[in-house]
Amino acid sequence: MSELPYVLPEYVSPSSLSTYTQCPLKYKYSRVNKIPEPPTQATLLGNFVHDVLEAFYGQLDPDQRTASSLRSLSTSTWADGGWADRIKGIVKEEESQSFRWNAWWCLENIFKVENPKAVDVSGVETELNGKILGVPMKGFIDRWFAANGEVRISDYKTGKTPREPYVDDKFTQLLIYAVVLAQEIDEKVTHVELLYLKDGKKFVRDVSDGMIESVSRMVSETYDAIVSSFKNDHWPANPTKLCYWCHYKNNICEYWKKEQS
């Protein structure tokens, strides 16, 4: 393998913080060495669903948000976005139709979790740039709105719905966004919600000062650990069952090579 870059990222995101927590060595390969991970069928499906919903809530007036208009947007997004080509090599040709059906079932479930005509939208796919306790942050919010004294952040999920005891852990990303968005609009975020479209379930949490303090502290502590790992070039592996789905496992991961030798 040719010499790889070794660069501390200018900012962190909720997903990169999660990667470091999951496995510092994986963070090194992904964010410091900048070895790209190829898309998977799951990530492609999620990206397509997000593209359609971005148009659905960002381009249509509330009274236009019908099942028929969603179906039309799904068709046009597929064609205009070159999705038939984008899934080639990742989704088998004989599975492409089922891929589209799985995406449509996720999209259709938006009507199961909410009334789209009643959703007041202030922004979709909004880029956030800010700092949390001095830590440079960047990320994108799927959807948010501010009205009548309420500020709500929404996030679409196309994967498996977690069991109830693990739901609260899934709000970390949105709470991080809540801190940065509050700085940008000078107004506290009151609610965060996760829309699990595969199963048509929605989870909503009120945002408390304690949650904001806790997640801000976590961001600061994790970033300090990242900087320390970078300065000392110390990136320990954290082997779990997730290793079996990790792209870096084969031919790259130093830990995995040792385990197999």
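The values are calculated or read from the model by the stated rules, or taken from the named source; none is laboratory data. In this text the structure is predicted, and so the values were computed from the model without any measurement. Neighbour counts run over all protein chains shown; Cβ positions are idealised from the backbone, glycine included. For the accessible areas, the whole protein counts, side chains as well, though only heavy atoms, and no ligand, DNA or RNA atoms are used. Shrake-Rupley method; radii C 1.70, N 1.55, O 1.52, S 1.80 Å.
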Mean residue ellipticity at 222 nm from the helices of the chain, using -39,500 (n - 2.57) per DSSP H segment of n ≥ 4 over the full residue count, to the nearest 500 deg cm²/dmol? -13000 deg cm²/dmol
Among Ser96, Asn115, Pro38, whose Cα projects farthest towards the positive end of the dipole of segment 27-149, with charges put on the beta-carbon of Lys, Arg (+1) and Asp, Glu (-1)? Pro38
Keeping all protein chains in the complex and leaving out DNA, RNA and ligands, what accessible area do you get for Phe140 with a 1.4 Å probe, in Å² to the nearest 10? 90 Å²
Taking every pair of alpha-carbon atoms in segment 126-175, give the share separated by more than 18 Å as a whole percent. 47 percent
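Give me the tail of P(r) for the chain as a percent: Cα-Cα pairs with distance above 24 Å.
On the way: 18829 of 33930 pairs.
When every Cα pair of the chain is considered, 55 percent fall beyond 24 Å.
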Give me the percent of Cα-Cα pairs in segment 161-261 that sit more than 24 Å apart, rounded to a whole number. 48 percent
Sorted by chain and number, the residues with a modelled amide H under 5 Å from that of Lys131, at a separation of 5 or more or across chains, are Met137
Cα-based Debye curve of segment 44-126 sampled at q = 0.26 Å⁻¹ gives log₁₀ I(q)/I(0) of -1.36
How much accessible area per residue does the chain have, counting only protein heavy atoms and a probe of 1.4 Å, in square angstrom? 55 Å²
Charge dipole (debye, nearest 20) of the chain; +1 at Cβ of Lys and Arg, -1 at Cβ of Asp and Glu: 860 debye
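Which order do Leu195, Leu73 take when ranked by solvent-accessible area (1.4 Å probe, heavy atoms of all protein chains), largest first?
Working: Leu195 0, Leu73 25 Å².
The ordering from most to least exposed comes out as Leu73, Leu195.
How high is the relative contact order of the chain, given as a whole-number percent (alpha carbon pairs under 8 Å, six or more residues apart)? Walk me through the numbers on the way to the answer.
Numbers: 342 pairs, mean separation 55.6, N = 261.
Worked out over the chain, it gives 21 percent.
Stokes-Einstein at 10 °C, 1.306 mPa s, Kirkwood radius from Cα pairs: D for segment 142-198 in µm² s⁻¹? It would help to have the intermediate numbers written out before the result.
Details: Rh = 12.0 Å.
Answer from the Stokes-Einstein relation: 132 µm²/s.
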Go through Tyr255, Thr190, Ala225 and say which Cα lies farthest out towards the positive end of the charge dipole of segment 185-261; charges sit on Cβ, +1 for Lys and Arg, -1 for Asp and Glu. Tyr255
Taking the Cα atoms of segment 1-156, report the difference between the largest and smallest coordinate on each principal axis, in whole Å and largest first. 53, 50, 24
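Tell me, Kirkwood radius of segment 79-230 from alpha-carbon pair distances, in Å?
Details: mean 1/r = 0.0574 Å⁻¹.
One over the average 1/r among Cα pairs gives 17.4 Å for segment 79-230.
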Length gained, Asp186-Phe140, 0.36 nm per residue minus C-alpha separation, equals 14.8 nm
Accessible area of Arg217, 1.4 Å probe, to the nearest 10 Å²? 120 Å²
How big is the dipole moment of segment 1-74 about its Cα centre under a simple scheme where the beta carbon of each Lys and Arg is +1, that of each Asp and Glu is -1, and everything else is neutral? Debye, nearest 20, please. 280 debye
For segment 144-222, what % of the accessible area comes from carbon and sulfur atoms, probe 1.4 Å? 45 percent
I want to verify a result. In a Gaussian network model of the chain, Cα cutoff 10 Å, which of these has the top mean-square fluctuation: Tyr20, Tyr196, Tyr166? Tyr166
Distance histogram for segment 187-227 (every C-alpha pair counted, 10 angstrom bins, percent rounded to whole numbers): 24, 34, 31, 12
If the cut-off is a Cα-Cα distance under 16 Å, which lysines reach Lys249, setting aside same-chain residues fewer than 8 apart in sequence? Lys26, Lys28, Lys34, Lys241, Lys257, Lys258
GNM on the chain, Cα springs under 10 Å; top mean-square fluctuation among Ser18, Ser228, Ser30 goes to Ser228
DSSP beta bridges in the chain: the antiparallel percent, rounded to 5, is 75 percent
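Longer than 19 Å from Cα to Cα, which of Lys117/Lys202; Lys92/Lys112; Lys160/Lys201 are they? Say none if no pair is. Could the numbers behind the result be given before it?
Values: Lys117/Lys202 17 Å; Lys92/Lys112 30 Å; Lys160/Lys201 10 Å.
Flagged as over cut-off: Lys92/Lys112.
Could you check how much of the accessible area of segment 13-107 is carbon and sulfur, as a whole percent, using a 1.4 Å probe? Write down the numbers at each step before the final one.
Values: 2410 of 4760 Å².
Result for segment 13-107: 51 percent of the exposed heavy-atom area is carbon or sulfur.
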Overall Cα dimensions of segment 11-84 - principal axes, largest extent first, Å: 47, 27, 17
